[in-house]
């Protein structure tokens, strides 16, 4: 066993073990660098006989932490200590402490509903409030309160809202570890710097290398792999390059290279890291921090609910955590690549993912886990002991989608389809695709389609060959992937240059994992074929996963450009991206879309970036339960009349239409709607109606006892109904004048009184008849030649 370096958390071991025996739950608050991530699992190994699950927010942290604990025990991972992350694990038969990513906890619970043989669950970095950590907290607490009162829960964090946790678990033990820190001077950019981020990083690093306040290594916080690669390339050109070596801390870097970051080095180290170094791992010797102020934040595409990683500004709390990394072993300097005003305008803390994420997959998996644990008496989703209750709007949206997919019944309990979807570690939409593919015998192809949807595009900037028109935007990329595997000699240089190699690795891992899980045959695929008939399995599969995303496509011309508008079956409009290869279809499944500002407009519109083409026959064949025949009247703008037709509808979309000779019952309603929207058309003006209102006002002034009749206010729609009665075109409407419609609409007594007291026309002495002008705000008046008035009384 290696000689242990004493860490601040070690002083709490006795108190921790004592609390472990007296309490179900321990809340441990300890700053970064205290050693909680590596030492608390050791405490548990010594104090408990069963297994411990340590949940980490990131794959890199899970593996590095497991390796560190194993190293301190003089072992390799897979002995007493192991880890399990996506696509990789190191666990042996004797392993009692397992580090895993938070997302795997639910999968573990589904396989082992009561966590048999597991004595403790540790939630590390709980202050980050990831969706999976909140779920793990709620389910572990429910187990403690019902089936497993002996199960221990340890909630650990660098900065924790202990009051909220203590209110949720009033009998929990609260332990705090103090870590001596050194002062860190914070510096900001003086203003907006227009240079690319990587060159601003170079300037900041060179400044710290020459700064006597920063004698140690420099830690640079960046959003992800792309920023890290660009910054590494830029730093390699630095005039001070001889004074330092560049290291990258991210999941894709080989393990041996990652280990060097934590070991002594002859030169100063400049470590380019994601936010994994914010609190999850501690790097010794850092006295300088460069903070880009951004990170990749787990989010989801509102269009399809699939997970995304969006680059966003981090909170003030995260900025403070990052700066603190420069003051772990000595005083240091933190350089923020943004202004002080920018910092002050940021949110104090990040919003918990539970309050802002799509919950469909979580809801289904939680229901599955609860049903396995408490058969016949499982709690409802909202009944679990959440630290914060999920928003009702998010829960309802998830339940509605799951019902649409056939995954839950009317009581929101998993159906047979839902139970099958639970076994897939995927969004329910994608699981539904695989469920359908299993019935059709096309699992291999479906695994690839799902991998492309889940991991993102194979090509850089999601650029399909715009010259190729296909039935599905995934077809070209699926075909390219298949050729890479089975016929690499057919790949052109242009195609190789277009492939995103990091994406290719992720898609390969996802595809291989799904094929293994589904026991699908490994064979050359047929997803690249372009014959999507009504019997096509791929259309059937994608419709099963995206039944609410069907659109009609219509080509239109705008500003000398041909655009393809999309009319959504459930209302609303958008447009098809020009980069889409689905240019010749009448209908499509909108697999992915984003909100963009339409050119020359301030309005946003949904642009479909990934689509699968359909035709009316496919929808008629595959969606019989959603099609219906209806007799419908519609407005023919060219002839300006109501026409009747029989339409075959898919929800609100017209699949087929045949004009009929008979009149539909709603013909007058169609005419009414057109008249109301285009008023005063087809009449030249609404002046007769305006004159009537003014005549009524004058009449009521003269005869106060008269009951006022108004058309423009309350009775306008009734007046339009009166005009439309028995008619079906503007030509029919114009058979009478607007004044005639008014005269036949108002009561006979009112009409008689108006004609007598406030006539529309009067006869002058010359015998000439002239119209009286009834204009609001003016007394009635007439105009004519002077001689016409001679003899007028």
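Per-residue answers, yes or no, for (1) in contact with a strand residue (DSSP E or B) (Cβ under 9 Å, 6 or more places away or on another chain); (2) within 19 Å of residue 281 (Cβ to Cβ):
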{"site": "177", "(1), (2)": "yes, yes"}
{"site": "206", "(1), (2)": "no, no"}
{"site": "226", "(1), (2)": "no, no"}
{"site": "242", "(1), (2)": "no, no"}
{"site": "246", "(1), (2)": "yes, yes"}
{"site": "252", "(1), (2)": "no, yes"}
{"site": "261", "(1), (2)": "yes, yes"}
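Considering 84, 79, 24, 29, the condition of being free of Cβ contacts under 8 Å to residues at least 24 places away in the same chain and farther than 30 Å from residue 511 by Cβ is satisfied by 79 alone.
Applying the criterion of at least 3 residues that are touching a helix residue (DSSP H, G or I) at 6+ places or on another chain (Cβ under 9 Å) to the helices (runs of 4 or more DSSP H) found wholly in region 304-416 leaves 316-324, 360-373, 392-404.
Can residue 82 be described as part of a loop (DSSP other than H, G, I, E, B) and more than 23 Å from residue 367 (Cα to Cα)?
Details: part of a loop (DSSP other than H, G, I, E, B): no; more than 23 Å from residue 367 (Cα to Cα): yes.
So residue 82 fails the test.
Checked against (1) modelled with pLDDT of 90 or more; (2) closer than 22 Å to residue 343 by Cα, residue 230 passes all but condition (2). Among what's in region 668-692 and is in a loop (DSSP other than H, G, I, E, B), over 47 Å from the mean Cα position of the chain (by Cα) and in contact (Cβ under 8 Å) with a residue 12 or more places away in the chain, pick the residue that is nearest to residue 778 (Cα to Cα). In this case the residue turns out to be 686.
In region 119-138, is there at least one residue being more than 31 Å from the chain's Cα centre (by Cα) and either part of a helix (DSSP H, G or I) or crowded, with 20+ Cβ neighbours inside 10 Å (or both)? Yes, region 119-138 has at least one match.
Return the only residue of 458, 434 being modelled with pLDDT under 90 and crowded, with 20+ Cβ neighbours inside 10 Å. So that I can check it myself, show each step before the final result.
Details: 434 fails: modelled with pLDDT under 90.
One residue alone meets the criteria, 458.
So is residue 382 surrounded by fewer than 19 Cβ atoms within 10 Å (Cβ to Cβ), free of Cβ contacts under 8 Å to residues at least 12 places away in the same chain, farther than 19 Å from residue 110 by Cβ and out of contact with any strand residue (DSSP E or B) (no Cβ under 8 Å at 6 or more places or on another chain) or not?
Working: surrounded by fewer than 19 Cβ atoms within 10 Å (Cβ to Cβ): yes; free of Cβ contacts under 8 Å to residues at least 12 places away in the same chain: no; farther than 19 Å from residue 110 by Cβ: yes; out of contact with any strand residue (DSSP E or B) (no Cβ under 8 Å at 6 or more places or on another chain): yes.
Taking the combined requirement at face value, the residue does not satisfy it.
Candidates in region 638-658 are the residues that are free of Cβ contacts under 8 Å to residues at least 24 places away in the same chain and closer than 30 Å to residue 589 by Cα; of these, the one that is surrounded by the most Cβ atoms within 10 Å (Cβ to Cβ) is 644.
Results for (1) modelled with pLDDT under 95; (2) in contact with a helix residue (DSSP H, G or I) (Cβ under 8 Å, 6 or more places away or on another chain), shown as yes or no for each residue.
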position	(1), (2)
52	no, yes
62	yes, no
102	yes, yes
109	yes, yes
119	no, yes
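Within region 87-99, being over 16 Å from residue 52 (Cα atoms) and in contact with a strand residue (DSSP E or B) (Cβ under 7 Å, 6 or more places away or on another chain) holds for no residue. Of the residues 269, 210, 260, the single one that is assigned by TED's automatic domain parsing to the domain that holds residue 190, within 20 Å of residue 65 (Cβ to Cβ) and more than 36 Å from the chain's Cα centre (by Cα) is 260.
Filter region 427-440 for residues that are more than 18 Å from residue 548 (Cβ to Cβ) and either in contact (Cβ under 8 Å) with a residue 12 or more places away in the chain or in contact with a helix residue (DSSP H, G or I) (Cβ under 7 Å, 6 or more places away or on another chain) (or both) and give the result.
Within region 427-440, the subset more than 18 Å from residue 548 (Cβ to Cβ) is 434, 437-440.
If the condition is that a residue be more than 18 Å from residue 548 (Cβ to Cβ) and either in contact (Cβ under 8 Å) with a residue 12 or more places away in the chain or in contact with a helix residue (DSSP H, G or I) (Cβ under 7 Å, 6 or more places away or on another chain) (or both), then 434, 437, 438, 440 are the ones that fit.
Search region 241-261 for residues being surrounded by 18 or more Cβ atoms within 10 Å (Cβ to Cβ) and within 24 Å of residue 5 (Cβ to Cβ), and hand back the single one that is modelled with the highest pLDDT. The extreme case among them is 247. Residues in region 209-236 that are under 18 Å from residue 195 (Cβ atoms), in a loop (DSSP other than H, G, I, E, B) and free of Cβ contacts under 8 Å to residues at least 24 places away in the same chain: 236 alone. Checked against (1) touching a residue at least 24 places away in the same chain (Cβ under 8 Å); (2) touching a strand residue (DSSP E or B) at 6+ places or on another chain (Cβ under 8 Å); (3) not in a strand (DSSP E or B), residue 257 meets all criteria but (1). Might you check whether a residue that is modelled with pLDDT of 85 or more, farther than 30 Å from residue 728 by Cβ, assigned to a strand (DSSP E or B) and touching a strand residue (DSSP E or B) at 6+ places or on another chain (Cβ under 8 Å) occurs anywhere in region 628-635? No, because not a single residue in region 628-635 is modelled with pLDDT of 85 or more, farther than 30 Å from residue 728 by Cβ, assigned to a strand (DSSP E or B) and touching a strand residue (DSSP E or B) at 6+ places or on another chain (Cβ under 8 Å). A count restricted to region 693-717 and to residues that are without any contact (Cβ under 8 Å) to a residue 60 or more places away in the chain, touching a helix residue (DSSP H, G or I) at 6+ places or on another chain (Cβ under 8 Å) and in a helix (DSSP H, G or I) stands at 4. With the condition kept exactly as written, say whether any residue in region 299-315 is at pLDDT 85 or above and out of contact with any strand residue (DSSP E or B) (no Cβ under 8 Å at 6 or more places or on another chain). Within region 299-315, one or more residues are at pLDDT 85 or above and out of contact with any strand residue (DSSP E or B) (no Cβ under 8 Å at 6 or more places or on another chain).
For region 551-620, please list each of the strands (runs of 3 or more DSSP E) lying entirely inside it that holds at least 2 residues being modelled with pLDDT under 80 and assigned by TED's automatic domain parsing to the domain that holds residue 473.
Numbers: elements: 561-568, 573-576, 587-597, 604-614.
Answer list for region 551-620: 561-568, 587-597, 604-614.
Scanning region 150-161 for residues that are over 16 Å from residue 117 (Cβ atoms) and modelled with pLDDT of 90 or more returns 153, 154, 155, 156.
Here is a yes/no grid of residues against (1) surrounded by fewer than 19 Cβ atoms within 10 Å (Cβ to Cβ); (2) at pLDDT 85 or above; (3) more than 30 Å from residue 619 (Cα to Cα):
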site	(1), (2), (3)
660	yes, no, no
664	no, no, no
671	no, yes, yes
677	yes, yes, yes
680	yes, yes, yes
692	no, yes, yes
702	yes, no, yes
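Among the residues making up region 167-180, those that are surrounded by 15 or more Cβ atoms within 10 Å (Cβ to Cβ) and either in a loop (DSSP other than H, G, I, E, B) or more than 32 Å from the chain's Cα centre (by Cα) (or both) are 169, 172, 173, 174, 175, 177, 179. Within region 700-745, the set of residues being under 17 Å from residue 635 (Cβ atoms) and more than 51 Å from the chain's Cα centre (by Cα) comprises 732, 734.
Just one of the numbered conditions (1) closer than 27 Å to residue 680 by Cα; (2) touching a helix residue (DSSP H, G or I) at 6+ places or on another chain (Cβ under 8 Å); (3) surrounded by 10 or more Cβ atoms within 10 Å (Cβ to Cβ) is not true of residue 732: (2).
The values are calculated or read from the model by the stated rules, or taken from the named source; none is laboratory data. Bear in mind the structure is a predicted one, so any value in this text is a computation, not a measurement. Every residue, glycine as well, gets a Cβ built from its backbone with ideal geometry; the counts of neighbours run over all protein chains shown.
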